[in-house]
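Here it is, the structure, as structure tokens.
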Amino acid sequence: MADAAAELDEGGIKRTLKDLFAGAAGGVAQVLLGQPFDIVKVRLQTTTRYSSALDGATQIFKNEGPAAFYKGTLTPLVGIGACVSVQFGAFHYARRQFEQSNSTSDPSNPTLSYGQYYLSGAFAGVANSVISGPIEHVRIRLQTQPHGAQRLYSGPIDCVRKLSAHEGVLAGLYRGEAVTILREAQAYGVWFLAFEYMMNADAARNSVKRDEISQVKVATYGGLAGEALWLSSYPFDVVKSKMQSDGFGADRKYRNMRDCFAQTWKGEGARGFWKGIGPTLLRAMPVSAGTFAV
């Protein structure tokens, strides 16, 4: 019995390591595919300089050069790999816990309900937010800082140091963490739920095992799940971007998450919560497809 338990534990560790490695590889693909779209999205969310996504992309290219589309890439390239690694590791850990619980009540059917898939994804999102909050804060600061001689940060390390110096690590570097947690829980709950639903439906429709579904279909379902992720969580992302590009001290515009929601509604109405959704949805399909496929 002890040997069997040890084998199970070893198998669980191996599965978790595979989940973490696969997620890290998917995260690198995610950043390389999505960074140019992301900088346009953040600029549209946090400024009024651009009339549209195309105008934003054109002005960035004209005024800052093609390299500007990869501003702040080093932080997410390292960090998002870690984030996606945590997402997949945490999701599959939660999934296995639900399967174990389900098999106790019905050994013949340990399959998760779709509510449990959502909760597993939400758990993954909350676990991920501890890393993604400061990583995205640094990325947004680097993406929105003035160009040329007026730049505020020389790089990600300098940005971390200066953000922490303003109000400490929690209030400075982790600014916007509450709304990040809300966004991550909703986003990844929907992301994994949508992907699992489409994969299960395909397997049932064609009477095949999940691992027999073609890589093209896996990528397609991953891309569609990415669209669902952003449509379900985008207003949280807008508020997060506004808070993480806000000033410090006397220049601070938003007191907290609730105040940011209120000011956005008052000043821009419902449309204010969807600024930049176009490039985000364009980015979501290839990025999410690449993540699941890789």
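The values are calculated or read from the model by the stated rules, or taken from the named source; none is laboratory data. Note that the structure is a prediction, hence the values are computed from the model and not measured. In this analysis, Cβ positions are derived from the backbone assuming ideal geometry, glycine residues included, and neighbour counts consider all displayed protein chains. Protein only, heavy atoms only, side chains kept; ligands, DNA and RNA dropped before computing areas. Shrake-Rupley method; radii C 1.70, N 1.55, O 1.52, S 1.80 Å.
What is the packing order of peptides 256-264, 163-171, taking the mean over residues of other C-beta atoms within 10 Å and listing the highest first? Please list the in-between numbers first.
Working: 256-264: 16.2, 163-171: 14.0.
Top to bottom by mean Cβ count within 10 Å: 256-264, 163-171.
Now for a separate question. How much length is gained if the chain between Ser214 and Arg258 is pulled fully straight, taking 0.36 nm per residue apart and subtracting their Cα-Cα distance, in nm to one decimal?
On the way: separation 44, 0.36 × 44 = 15.84 nm, distance 4.46 nm.
Contour length minus the Cα-Cα distance gives 11.4 nm.
Mind putting a number on the dipole of the range 137-294 about its Cα centre? Charges go on the C-beta only, +1 for Lys and Arg and -1 for Asp and Glu, and I need it in Debye to the nearest 20. Before the final figure, lay out each step's value.
Numbers: 21 positive and 14 negative charges, 94 e Å.
With Lys and Arg at +1 and Asp and Glu at -1, about 460 debye.
What number comes out for accessible area per residue over the chain if the probe is 1.4 Å? Units Å², please.
On a per-residue basis, 49 Å².
Efficiency by 1/(1 + (r/R0)^6): what FRET value for Tyr197 and Ala149, r their Cβ-Cβ distance, R0 = 45 Å, to the nearest 0.05? Let's see the in-between values first.
On the way: r = 51 Å, r/R0 = 1.14.
The pair Tyr197/Ala149 has a calculated efficiency of 0.30.
Mind listing the phi-derived Karplus ³J(HN,Hα) values for the range 205-212, rounded to whole Hz, using 6.51, -1.76 and 1.60 with θ = phi - 60°, and x for any glycine or proline?
5, 9, 6, 10, 6, 4, 6, 9
Okay, moving on. Mind ranking 58-64, 191-197 by how tightly packed they are, going by the mean number of other C-beta atoms within 10 angstrom, highest first?
In descending order of packing, they fall as 191-197, 58-64.
If Arg205, Arg151 are ordered by their accessible area, calculated over protein heavy atoms with a 1.4 Å probe, which sequence runs from highest to lowest? Write out the running numbers ahead of the final one.
Details: Arg205 150, Arg151 125 Å².
Heavy-atom accessible area, descending, gives Arg205, Arg151.
Identify which of Ser132, Ser207, Ser232 has the largest mean-square fluctuation in a Gaussian network model of the chain, with springs joining Cα atoms closer than 10 Å.
Ranking Ser132, Ser207, Ser232 by mean-square fluctuation puts Ser207 first.
Now for a different question. Over the range 52-169, what percent of the accessible surface lies on carbon and sulfur atoms, probe 1.4 Å?
On the way: 3610 of 5680 Å².
Within the range 52-169, the accessible surface is 64 percent carbon and sulfur.
Quick one: among Arg95, Arg141, Arg271, which has the greatest mean-square fluctuation in a GNM of the chain with alpha-carbon springs under 10 angstrom?
Sorting by GNM fluctuation, first place goes to Arg271.
Hey, another quick one. Counting Lys +1, Arg +1, Asp -1, Glu -1, what net charge surrounds Ala204 among other residues with beta carbon under 14 Å of its beta carbon?
Details: positive: Arg205, Lys209, Arg210, Lys217; negative: Glu196, Asp202, Glu212.
Net charge around Ala204: +1.
In whole Hz and in residue order, list the ³J(HN,Hα) couplings for the range 240-248 that follow from phi through the Karplus curve 6.51 cos²θ - 1.76 cosθ + 1.60, θ = phi - 60°; x for Gly and Pro.
4, 5, 5, 5, 8, 10, 6, x, 10
Moving on to the next point. Lys18 versus Ser101, label points 7 Å from Cα toward the beta carbon: distance in nm?
2.5 nm
Over all pairs of distinct alpha carbons, what does the Kirkwood formula give as the hydrodynamic radius of the chain, in Å?
Working: mean 1/r = 0.0494 Å⁻¹.
20.2 Å is the Kirkwood radius here.
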